[in-house]
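Asks: Here it is, the structure, as structure tokens.
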Amino acid sequence: MMLIRYLSQIGRYFLMLKEIFNKQTKWPVMKNLIFKEIDDLIIDSLGIVCFISFFIGGVVAIQTALNLTNPLIPKYLIGFATRQSVILEFAPTFISVIMAGKMGSYITSSIGTMRVTEQIDALEVMGVNSLNYLVFPKIVALLMYPFVIGISMFLGIFGGWLACAYGGFSTSQDFIQGAQMEFIPFHITYAFIKTLIFAMLLATIPSFHGYYMKGGALEVGKASTVSFVWTSVCIILFNYILTQLLLG
């Protein structure tokens, strides 16, 4: 019974994706909605992303340095390990899971509140495609999400360099040598491909849970929690699949 419920929810999700791109809202209205979503979802997330990335990079560098106790292991490996960890996993995946909490709960609660207060029904009565009006601007806004992850990568490595150089774990020159060593440009491409997929999940899964919720104010809170859990699960799952496909 539970399997059938899950399958019907997945089917409804894909039907929702199809409906989002039907019957577009007029461009002058859509343009304003897109700019509002960029402000709410991208610009408002920069502070927390910068803060977390900087300190995560520092922690990765310190923990790597503390584990390289063998004098035969060169110190520049601290910079190498920090760069690889931040670019491949911490910036794209770890930040996306945190954004599932921040962006996801905001999207679910805002659309869920519109459902509870019958604003979505009012849009439908006026002949507006409510899914296109509410979800499409979020998808377009989150096309800028790789920009946020790019800043996260830079700050993660910068935080690692500061922690390493000023914490006395290795010299600045060693860290920079390690950060530049055996750099594979495709790793950046891989991280940004992952990020775009995660952006799509971050825009659509919380919207799905908000749009199709039933009940009152209490259910809006429950829907936010459920959307966070499922967005996180999908991000981790797609992270594994994309890593296997692109790097395997």
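The values are calculated or read from the model by the stated rules, or taken from the named source; none is laboratory data. Quick caveat, the model's predicted, so the values are computed rather than measured. Quick reminder, even Gly has a Cβ in these numbers, built from the backbone with ideal geometry, and neighbours come from all protein chains shown. These accessible areas exclude ligands, DNA and RNA; they are computed on the full protein's heavy atoms, side chains included. Shrake-Rupley method; radii C 1.70, N 1.55, O 1.52, S 1.80 Å.
Asks: Which of [x] 19.1; [y] 22.0; [z] 19.7 is the computed Kirkwood radius over Cα pairs in Å for the structure on display?
Replies: Among [x] 19.1; [y] 22.0; [z] 19.7, the one calculated here is [z].
Asks: Can you tell me the orientation of helix 95-116 relative to the chain, as the angle in degrees between its alpha-carbon axis and the longest Cα principal axis, to the nearest 10?
Replies: The angle comes out near 10 degrees.
Asks: May I ask for the longest run of the chain untouched by GluC sites (Glu not before Pro) that are loop-located per DSSP and have at most 12 neighbouring C-beta atoms (other than their own) within 10 Å?
Replies: Here the longest segment lacking exposed loop sites spans 1-117.
Asks: Continuing with this model, one more query. What angle, in degrees between 0 and 90 and rounded to the nearest 10, separates the Cα long axis of helix 145-166 from the longest principal axis of the Cα atoms of the chain?
Replies: Helix 145-166 and the main axis of the chain meet at about 30 degrees.
Asks: Ignoring ligands and nucleic acids, what accessible area does LYS75 show with a 1.4 Å probe (Å², nearest 10)?
Replies: In the full protein context, LYS75 sits at about 90 Å².
Asks: Given a Förster radius of 41 Å and the C-beta distance between ILE236 and LYS26 as r, what FRET efficiency does 1/(1 + (r/R0)^6) yield to the nearest 0.05?
Replies: FRET efficiency, ILE236 to LYS26: 0.60.
Asks: Note the angle between two axes, namely the Cα long axis of helix 46-67 and the longest principal axis of the Cα atoms of the chain, as a number of degrees from 0 to 90, rounded to the nearest 10.
Replies: In the chain, helix 46-67 runs at an angle near 30 degrees to the longest axis.
Asks: For the full complex of protein chains and a 1.4 angstrom probe, list CYS164, CYS234 by accessible area with the highest value first.
Replies: Descending order: CYS234, CYS164.
Asks: Still on this structure: Say R0 is 30 Å: what FRET efficiency, to the nearest 0.05, do MET126 and GLU219 get from their beta-carbon distance?
Replies: So the FRET efficiency works out to roughly 0.75.
Asks: Given a 1.4 angstrom probe, I'd like the percentage of the accessible area of segment 28-247 that is carbon and sulfur, rounded to a whole number.
Replies: Carbon with sulfur: 72 percent of the solvent-accessible area.
Asks: For the chain, with the dipole built from +1 on Lys and Arg beta-carbon atoms and -1 on Asp and Glu ones, taken about the Cα centre, which of ILE111, GLY160, THR93 lies farthest toward the positive end?
Replies: ILE111
Asks: Taking the alpha-carbon distance from LYS18 and a cut-off under 25 Å, which lysines remain once sequence neighbours fewer than 8 residues away in the same chain are dropped?
Replies: The qualifying lysines are LYS26, LYS31, LYS36, LYS138, LYS194, LYS214.
Asks: Could you give the nm distance between label points at THR189 and MET2, where each point is 7 Å from its Cα heading toward the beta carbon?
Replies: 4.2
Asks: Now for a different question. Quote to one decimal, in nm, the extra length available between THR243 and PHE154 on full extension: 0.36 nm per residue of separation minus the C-alpha distance between them.
Replies: 29.9 nm
Asks: Let me ask you something else. Test of understanding: what is the full-extension gain from CYS50 to THR117, defined as 0.36 nm times their sequence separation minus their Cα-Cα distance?
Replies: 20.6 nm
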